[in-house]
Amino acid sequence: MVIILNIETATKNCSVSIAKNGEVIALKELNNGKYSHAEVLHPFILDVLNEANLTSNQIDAVAVSKGPGSYTGLRIGVSAAKGLCFAFDKPLISIKTLESLAYAISVDEGVIISMLDARRMEVYAAVFNKNHDQVRDIKAEIIDENSFAEYLEAGKVTFLGDGAHKCKDVITHKNAVFVDDKFPSAKEMAQLSYDKYKKNDIEDVAYFEPFYLKDFVVIPEKKKKPTF
């Protein structure tokens, strides 16, 4: 029996699960439109452990969503995961955020494009076939009316994730299908992390860093006009 704690903080959905042999036995998540991870992540970890009637040292591994996604969200999730691994001498498993997001749906034909919002009309996107095999690398790209044309001309394309919502008015091809209200979740991480555990596909806890895809950019605040 393999028990894995899964942590997902790449988007506004703060999500934690406990899985036994790839099956979720406890899940706690919050998506309130805010980045509340710093406040709720550790209480969520305690909640799922209590629900599963487990202690931290009884888990076999910790899995964390590796990105891309929110810079701050990823830092919080990875820091928590690494801290648990160090404290209890457990292996660390990383899961591609866009891959676990793709597993939130099933399709009979065409491809799945999971995408996360990356400000303005830019998204982080990856393409998967109907079996959830990744068929195109993750990219940061500006969306326009020609985006993903090669896939849309070939057949049905299902878009999901918080980056898909802003594409509806731009990508209007007849083969485009948009799925609302799907976010990366620790629920979909469960089977993926179990598969990696069985292959001993683990990270170096000391040196592991999130996959940001783009450098973090600080946007300076506008200077306030002096008042006299």
Of the residues in segment 86-112 that are in a helix (DSSP H, G or I) and touching a helix residue (DSSP H, G or I) at 6+ places or on another chain (Cβ under 9 Å), the one that is surrounded by the most Cβ atoms within 10 Å (Cβ to Cβ) is T97
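Among the residues of segment 46-56, is there at least one that is free of Cβ contacts under 8 Å to residues at least 24 places away in the same chain, of a type in the set (A, V, I, L, M, F, W, C) and more than 16 Å from G163 (Cβ to Cβ)? Talk me through it step by step, then tell me what you get.
Applying the first criterion (free of Cβ contacts under 8 Å to residues at least 24 places away in the same chain) to segment 46-56 yields 46, 50, 53, 55.
Then keep just the ones that are of a type in the set (A, V, I, L, M, F, W, C); that gives 46.
Among the residues that remain, those that are also more than 16 Å from G163 (Cβ to Cβ) are: 46.
Looking through segment 46-56, at least one residue is free of Cβ contacts under 8 Å to residues at least 24 places away in the same chain, of a type in the set (A, V, I, L, M, F, W, C) and more than 16 Å from G163 (Cβ to Cβ).
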Given the conditions (1) farther than 30 Å from A26 by Cβ; (2) out of contact with any Ser or Thr (no Cβ under 9 Å at 6 or more places or on another chain); (3) surrounded by fewer than 21 Cβ atoms within 10 Å (Cβ to Cβ); (4) not basic (K, R), every one holds for Q134 apart from (1)
Filtering segment 136-175 down to residues that are of a type in the set (A, V, I, L, M), without any contact (Cβ under 8 Å) to a residue 40 or more places away in the chain and under 18 Å from L116 (Cβ atoms) yields I142, I143, I171
When A149 is run through (1) modelled with pLDDT of 95 or more; (2) buried (at least 17 other Cβ atoms within 10 Å of the Cβ), the failure sits at (2)
Subset of segment 158-180, residues touching a helix residue (DSSP H, G or I) at 6+ places or on another chain (Cβ under 9 Å) and assigned to a loop (DSSP other than H, G, I, E, B), comes to G161, I171, H173, K174, N175, D180
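Given the structure, is G67 more than 17 Å from F208 (Cβ to Cβ) and touching a residue at least 12 places away in the same chain (Cβ under 8 Å)?
Details: more than 17 Å from F208 (Cβ to Cβ): no; touching a residue at least 12 places away in the same chain (Cβ under 8 Å): yes.
So G67 fails the test.
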The residue from G67, G22, G77, G83 that alone is modelled with pLDDT of 95 or more, out of contact with any helix residue (DSSP H, G or I) (no Cβ under 9 Å at 6 or more places or on another chain) and not hydrophobic (A, V, I, L, M, F, W, C) is G83
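Have a look at E8, E23 and point out the one that is touching a Cys at 6+ places or on another chain (Cβ under 8 Å) and touching a residue at least 40 places away in the same chain (Cβ under 8 Å). Break it down into steps so the answer makes sense when it comes.
Details: E23 fails: touching a Cys at 6+ places or on another chain (Cβ under 8 Å).
Among E8, E23, only E8 is touching a Cys at 6+ places or on another chain (Cβ under 8 Å) and touching a residue at least 40 places away in the same chain (Cβ under 8 Å).
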The condition of being part of a helix (DSSP H, G or I) and crowded, with 19+ Cβ neighbours inside 10 Å holds, among A63, A26, A38, A80, only for A80
The condition from (1) surrounded by fewer than 19 Cβ atoms within 10 Å (Cβ to Cβ); (2) modelled with pLDDT under 95 that A118 misses is numbered (1)
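The values are calculated or read from the model by the stated rules, or taken from the named source; none is laboratory data. Please read all numbers here as calculations on a predicted model, not as lab measurements. Cβ atoms come from the backbone with ideal geometry, glycine included; neighbour counts cover every protein chain shown.
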